[in-house]
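Chemist: Take a look at the following structure, please.
Read-outs: derived from the displayed coordinates by stated rules, not from any lab. From a predicted model like this one, the values you see are computed outputs, not experimental measurements. Backbone-built Cβ (ideal geometry, glycine too); neighbour counts: all protein chains shown.
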Amino acid sequence: MLITKAQTSIKETHTQAILKVDDIAIDDTRQTLKEVLDLAKNEKKRLTLVYENTLFLTVVPIDDVDLVEKLEDCIDNANADEALKEEGFISSAQLERELGW
C-alpha cells in the first residue's frame, strides 16, 4: 500500500491507480517509489503517475510488456506472410530509392 501522504492522492480509475507526484514530500519519494513498483511487480497493477496535472509516467507489470511484444511479433509475422504472397521482386537499388537511402 502507498504511504499515508500519497494515499490521499490515489484513486482507482478503470484498472489503473493514479498517483499525483506533486503531493509527495521529497523525504517520502524513495518509499513511495518502492511501493509503486511493488504494486506493479507483486500485485500486477498498472499505475499512472501525474506530475503538474499531466500524465507523466505509467508503470506496468512486465507481463504486460511481454504480451505487447508478442502481439507486435504476430503483427510483423502476418505482414511478412502477406508480403511473401506478392509476386515479383524489386532490386536493391529500387529498394534504396524507395527508402530514401
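Chemist: Is there any pair with a first residue in region 33-50 that is charged (D, E, K, R) and a second that is assigned to a strand (DSSP E or B) whose Cβ atoms are under 6 Å apart and which are 6 or more apart or on different chains, and what are they?
Modeler: R46/Q16
Chemist: Let me ask something additional. Within region 46-78, can you find the residues that are among the charged types (D, E, K, R) and on the phi < 0 side of the Ramachandran plot? I'd like the intermediate steps shown before the answer.
Modeler: Keep residues of region 46-78 that are among the charged types (D, E, K, R), which gives 46, 52, 63-64, 66, 69-70, 72-73, 76.
Passing the criteria: R46, D63, D64, D66, E69, K70, E72, D73, D76.
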